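Have a look at the structure below before the remarks.
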Amino acid sequence: MPTYEYECAKCGKTFDVFQSMKDEPLKTCPNKKCKGKVKRLLGTGAGLIFKGSGFYITDYRSEGYKQAAKKDSSASSSSGGESSKSSGSDKPKPAAKPSKSAKD
């Protein structure tokens, strides 16, 4: 059951009411002294919340998305792995040479 937000035209008070979608909207302010007309405000609604363990954003991906992700990851890992190996092997050698010559 959703929570609806209302605003009183007479006193300006805003309040929330937890009611069924089938229920008629409120027409009068719940304040006993006011009893002015109320208007239901448009709400953005609440996001979907999964509680408990075991819910992951990737659990409900489409098969097409999963296949495209596998293609992208295999392509980037093969090209990315080579570049990181070559740059990784180049960097330690120059750093090792000056430190060895500095010790001698």
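The values are calculated or read from the model by the stated rules, or taken from the named source; none is laboratory data. From a predicted model like this one, the values you see are computed outputs, not experimental measurements. Cβ placement follows ideal geometry from the backbone for every residue including glycine, while neighbour counts extend to all protein chains displayed.
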Scan 35, 22, 27 and give me the residue that is in the same structural domain as residue 11 (by TED's automatic domain parsing), modelled with pLDDT of 60 or more and at positive phi. 35
Return the pair list, or none, for Cβ contacts closer than 6 Å from residues in the stretch 1-22 that are within 14 Å of residue 34 (Cα to Cα) to residues that are exposed (fewer than 13 other Cβ atoms within 10 Å of the Cβ) and of a type in the set (A, V, I, L, M), at least 6 apart or on different chains. 7/41
For the stretch 13-39, enumerate the residues that are of a type outside the set (Val, Ile, Thr) and in contact with an Asp or Glu (Cβ under 6 Å, 6 or more places away or on another chain). 16, 39
Cross-chain or 6+ apart pairs with Cβ under 7 Å, the stretch 23-37 first and within 13 Å of residue 4 (Cβ to Cβ), then modelled with pLDDT of 90 or more and among the small types (Gly, Ala, Ser): none
Does residue 43 fit the bill of being assigned to a helix (DSSP H, G or I), surrounded by 10 or more Cβ atoms within 10 Å (Cβ to Cβ) and either at positive phi or modelled with pLDDT under 80 (or both)? no
